[in-house]
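The values are calculated or read from the model by the stated rules, or taken from the named source; none is laboratory data. On a predicted model such as this, the values are computed, not experimentally measured, just so you know. So basically every Cβ, Gly included, is an ideal-geometry build from the backbone, and we count neighbours across all protein chains shown.
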């Protein structure tokens, strides 16, 4: 701010009532420097006198270190006559930039500014390194203010391996369905129950859909399909194996003398009941909106989308575990009579029980990331499906086509 005096050292008073002042009565001035190569004024450099003073506008001075002069020149004299001594100089010194400050081109294209990093919002666990710029490199977060989680990126090479393996299994399964139908009258195939063998293969195909869904990002629709494909596939595959083992168990452990198993209608009823239970559960969840997709976080704070099922899903887990335990018990009980029926059910049941138990256990652990859960779910399903395909199908077709091995026992227990 500066004041203007007349030749008699009297303070000149300018009009201060905006309602009566005239534009031509304003005294305007501007600020400038005579070394524009080394110094630059940033901000409003023109203003006017008002009341009893001429206030400097808010400006910022940037430039190279050194001593300079800011000039104030009157360029419009208003109600006064033009006079010669209308410029004054204000000496300034630009100091060296402090090491704790930033010295770089920011407000000018040719001169550097010296300023302190300042962020309007907190950088959280990050560090403010410039104007509204946070450094998040030493944190687990990202974003302008280090308040956003990194997105969990799936390992594409693992997904591709799983997808390729699933496609191969799908092709093998289709071939096995054809071979089963073609050889349906062969004693080895008849002994295993053609219809139940095909149901197992169809259930395996449904479970391949479950594997494919595990490689995709979660949506509400995919959450429904994941549950359906997993549990319906389980019901068809292990349900069929369960009724086969129950039938053999009934023949050799309960009605050994009568040699009577479970009626086929009852076997179908067991499988249909398990499938129907899961379908009804999903329908109820859908009507009540009990399946949600929400954000979840890994231990290193990466965010991903996760399916959140109703608390009643515990009942579904209990049902599946009950079926697994019954299958395990009956399979173990008939381990010494398998050769009589030429059905290799023991190893498939054991592997299925172990893998499904591990998968269910891992899926119940909230602290385990979705990526790990999906990996175990995919690998476990691939392993138990491969074991089932080999022991219930491939080994039989090897006997039929490669070894030409015909059973020597006379009675075939048809299912």
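A compact table of results
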item	result
Test set (1) over 60 Å from the mean Cα position of the chain (by Cα); (2) closer than 18 Å to residue 2 by Cα - residue 81 fails condition number	(2)
Selection status of residue 81, closer than 30 Å to residue 12 by Cα, free of Cβ contacts under 8 Å to residues at least 24 places away in the same chain and outside any strand (DSSP E or B)	yes
Criterion (in a strand (DSSP E or B) and either over 25 Å from residue 107 (Cβ atoms) or under 60 Å from the mean Cα position of the chain (by Cα) (or both)) met by exactly one of 72, 41	41
Residue within segment 247-264 that is modelled with pLDDT of 90 or more, crowded, with 18+ Cβ neighbours inside 10 Å and in a helix (DSSP H, G or I) present	no
Any hit, segment 152-165, residues being in contact with a strand residue (DSSP E or B) (Cβ under 6 Å, 6 or more places away or on another chain), farther than 23 Å from residue 384 by Cβ and in contact (Cβ under 8 Å) with a residue 40 or more places away in the chain	yes
Any strands (runs of 3 or more DSSP E) falling wholly within segment 96-150 and containing at least 2 residues that are touching a residue at least 40 places away in the same chain (Cβ under 8 Å)	113-115
Residue 372 without any contact (Cβ under 8 Å) to a residue 12 or more places away in the chain, surrounded by fewer than 19 Cβ atoms within 10 Å (Cβ to Cβ), in contact with a helix residue (DSSP H, G or I) (Cβ under 8 Å, 6 or more places away or on another chain) and assigned by TED's automatic domain parsing to the domain that holds residue 240	yes
Close pairs from segment 277-297: first loosely packed, with under 12 Cβ neighbours inside 10 Å, partner assigned to a strand (DSSP E or B), Cβ under 6 Å, at least 6 apart	294/308; 295/303
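Yes/no matrix, rows are residues, columns are (1) outside any helix (DSSP H, G or I); (2) surrounded by fewer than 18 Cβ atoms within 10 Å (Cβ to Cβ):
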| residue | (1), (2) |
| --- | --- |
| 355 | no, no |
| 359 | no, no |
| 365 | yes, yes |
| 377 | no, no |
| 381 | no, no |
| 388 | no, no |
| 394 | no, yes |
| 399 | no, yes |
